[in-house]
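Everything on this sheet refers to the single structure shown next.
Where a number appears in this text, it was derived from the coordinates with a stated rule and is not lab data. In this text the structure is predicted, and so the values were computed from the model without any measurement. Cβ sites come from the backbone with ideal geometry, for glycine too, and all protein chains shown count toward neighbours.
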């Protein structure tokens, strides 16, 4: 947990094969001197790092045109929150809290970047403990759930909502938002009985389906006799295909990602039931949360308000120590995480007020 | 071409197997007495019948939940335009022109039906020759192209537009509308060199792709180096999958139907490239033209104006005589038609003014 005087780093060592699980053997642990910021730059000490399925996409020998490849030998790319410990930029002061693409390392030299940069940066105006919330509930996971539901999913009061990977970071927030927005029903799909129980008991889902044990098609038919109005899909593949059989008239499918198939080996199948989109007058809408960067503040304010009012839970699953970052990323693909998966690299700075729910 | 004093009918004789082409052997020719209308009813003499891929869907042994099955032995269902020759309804008079579900027959007893009936009916206020236009350009084909482009496709000025089955009834109108609305580029996909030439020379398409001979993927790359903004898809299947590889950011795919696969035998494949919807922030939106029934007048007015101004061509492909109706329907699936496929059952009534283009 102690950050070093040197800069500990995870550098990319090798790209996993298609279908191969990401693991620590794809990274190399390195210790290097701490860099020195120049004019307009500042040095950030990493406090917490985010994980996301897209990170697996940076490590493809044949990179996607939409995800920049991280070359072998370079520090692994990743979003994080940290504290500025030395600055040569007039607007960023020592002690400020900063969110940006810090990389999998203890220290990084940064400069501000705007919305044109996909991993946009910001100074946190009123930082609170735990800083991890800046990356998760009030950060990318929260914003993804918020804009995915409202924009791509066109969430409406009384919607009957289905959420896949519902016990994951984005899904666990999305389900809670749907409930708070007056959805008639919020059903989650998850990968274990324990997660399913957690969704219902702790997060207020109406019901949950265990895709490993349940007959998903049959359960969807039982739970949605009048059809699904909004499907927030983080998974793709077979689950999506099955859900397309249960759409209500005018349904919306918000496509967030395809963790089921994105990095799988061999030929993949497309969803044959896409043909139901016509009969159900339905749509599938893909979205990428970065497009809403300039509106993140809107999501953050709303999420913070719900959290403070005790209506929204911040469900984090935090690995302790930079050395566990490869395993933290891998957990997204094995389903080992529950809630927003993060990695604490250094303790939160002292003296920050606690971001607290009124009823917590 | 002469309609009889009896009522000639095509009745359903057998359902085609999946993958079997529809043909006259699935229908039985019958001659029956003309029925008599009762109170609130009227008798219509059929003038022209429409064809549509959905008609093939009425003839499934295991019917789709969205298309009513026509039982074996009953008159084949189909939309048509005709003239009222006897009426017991105060709002419908002898001589009036009527559009509705007349069936594949010379005479039918009708009553008015509103938007709750999927094959809604209307009295034509200002009928003109050819009456076939009421079924095609100013009817369902025109309305499908109009609402599919504007609503499902969210057509915008300067869009780069792709249209499949572009030489078909809906596609040939859709391409012309896109051009008239200021699309930067309108490319059609069709099944022969002759159709491709016709699209460019006669209908003003920017370019056309012959899916039987051309490398569609390569041609799309050449014609849309910056991607497709709007794909109006009548075909589905492999063509859709290929087009999904060429979407521009924020693209819209309007799903009109799946003639490529709807009645094919054996397992079908889904479009694996649906995953591009996320990276391209794109959507696939299914639609059914009946949903816009109450707004048909809007489409009709605009289409009529364009037609009269000589900006829009009414491309009809008319079979002559009720006896050719099975072949007319079959032509949709073999690609034998060019433009809106219709079947003239009786001559247009005399004395109607001619619907004429100013420059024709």
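Shown here: the range A:227-352, whose C-alpha atoms stretch 58, 39, 26 Å along the first, second and third principal axes, sorted largest to smallest. Quick check on the range A:214-300: take the gyration tensor over C-alpha atoms, sort the square-rooted eigenvalues as a ≥ b ≥ c, and tell me if it's rounded (a/c under 1.5), prolate or oblate. Judged from the Cα gyration tensor, the range A:214-300 comes out oblate (a/c at least 1.5, b/c at or above a/b). Cα centroid separation, the range B:189-210 to the range A:134-192: 46 Å.
Of all residues in chain B, the one whose Cβ lies closest to the rotation axis carrying B onto A, together with that distance in whole Å, is B:270, 2. Computed from the Cβ-Cβ distance with R0 of 22 Å, the FRET efficiency linking residue A:109 to residue A:323 stands at 0.50. Extension gain, residue B:23-residue B:157: 0.36 nm per intervening residue step, less the Cα-Cα distance, totals 44.0 nm. At q = 0.18 Å⁻¹, what log₁₀ I(q)/I(0) does the range B:4-116 have when each alpha carbon counts as one equal point scatterer in the Debye sum? Per q value, in the given order, log10 I(q)/I(0) is -0.93.
Along each principal axis, taking the top coordinate minus the bottom one, the Cα set of the protein assembly as shown gives 100, 51, 42 Å in descending order.
Placing a label point 7 Å from the Cα of residue A:249 along the Cα-to-Cβ direction, the residues of the range B:39-79 with a backbone N closer than 16 Å are B:65-68.
In nanometres and ascending order, the distances from the residue A:101 label point to those of the other copies are 5.8 (point 7 Å from Cα along Cα→Cβ).
Could you tell me how many cubic angstrom of Cα convex hull volume the range B:140-289 has per residue?
Taking the convex hull of the Cα positions in the range B:140-289, it is 101 Å³ per residue.
Considering only B:41, B:62, B:298, the Gaussian network model of chain B with Cα springs below 10 Å gives its largest mean-square fluctuation to B:62.
Which residue fluctuates most in the GNM of chain A (Cα springs below 10 Å): A:269, A:336, A:193? Answer for the Gaussian network model of chain A: A:269.
Mind checking which of B:159, B:91, B:229 has the largest fluctuation in a GNM of chain B, springs on alpha carbons under 10 Å? Its mean-square fluctuation being the largest, the pick is B:91. Fully extending the segment from residue B:301 to residue B:265 would add 8.9 nm, taking 0.36 nm per residue of separation and subtracting the current Cα-Cα distance. Relative to the longest principal Cα axis of chain A, at what angle does helix A:296-308 sit, 0 to 90 degrees, rounded to 10? With both axes taken from Cα atoms, the answer is about 80 degrees. When you work out D = kT/(6 pi eta Rh) for the range B:279-360 at 37 °C and 0.692 mPa s, using the Kirkwood radius from C-alpha pairs as Rh and the Stokes-Einstein form, the result is 205 µm²/s. With the label put 7 angstrom out from Cα along the Cα-to-Cβ vector, residue B:350 ends up 10.6 nm from the copy partners, going from closest to farthest. Between residue B:200 and residue B:6, the C-beta separation translates, for a Förster distance of 56 Å, into a calculated FRET efficiency of about 0.75.
For the pair residue A:207 and residue B:272, a Förster radius of 41 Å applied to the C-beta separation gives a FRET efficiency near 0.85, rounded to the nearest 0.05. The three principal axes of the Cα atoms in chain A give end-to-end lengths of 61, 48, 36 Å, sorted in falling order.
Taking each DSSP H run with n ≥ 4 as -39500 (n - 2.57) and averaging over every residue of chain A yields -6000 deg cm²/dmol at 222 nm. Label-to-label distance, residue A:311 versus residue B:86, with points set 7 angstrom from Cα along the beta-carbon direction: 6.7 nm. Label points for residue B:279 are taken 7 Å from Cα along Cα→Cβ. From this copy to the others they lie 3.2 nm apart, shortest first.
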